[in-house]
Amino acid sequence: MAKKLSSLAWVMVVVAAAVVLVVSEAPVAEAVTCSVMEMSSCLPAITSGANPSTQCCSKLNEQKPCFCGYLKDPSLGQYVNSANAKRVASQCGVSYPNC
């Protein structure tokens, strides 16, 4: 009986180790704080038609989960939905949302 218990304990340890390994490899979703001010580095590209900076593209990627909320906001929607904003998103390789 003691040998069966020992074998069972060993199996449990191996299973637990496998679970820890799988969980530690899983990607962790980071929370994004939606703030249109985070995209202020994109303002020159949106307003003047200039090429977006790398910081702008980085912020667009970071704020991507917030786009639908920005589009629904009456004070922001017209800017986020503008042709220049879409051009900047395209140049940064950020897909425009279908909300």
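Assorted remarks:
- Relative contact order computed over region 41-92 (Cα-Cα under 8 Å; 6+ residues apart), in percent: 41 percent
- For Pro44, the shell of other residues with beta-carbons less than 14 Å away shows a net charge of +2, using +1 for Lys and Arg and -1 for Asp and Glu.
- The simple spin-label model puts a point 7 Å past each Cα toward its Cβ; for Arg87 and Cys99 those points are separated by 2.2 nm.
- Inter-label distance for Ser40 and Gln55, nm, one decimal - labels placed 7 Å from Cα along Cα-to-Cβ: 1.0 nm
- Taking label points 7 Å from Cα along the Cα-to-Cβ direction, Val32 and Asp73 give a separation of 1.3 nm.
- Net charge of Cβ neighbours under 12 Å - reference Val94; Lys, Arg +1; Asp, Glu -1: +3
- Residues of region 41-92: accessible area per residue with a 1.4 Å probe, Å²: 57 Å²
The values are calculated or read from the model by the stated rules, or taken from the named source; none is laboratory data. This structure is a prediction, so every number in the text was calculated from the model and none was measured. Cβ: placed from backbone, ideal geometry, glycine included. Neighbour counts: every protein chain shown. The area values use the complete protein model at the heavy-atom level, side chains included, leaving out ligands, DNA and RNA. Shrake-Rupley method; radii C 1.70, N 1.55, O 1.52, S 1.80 Å.
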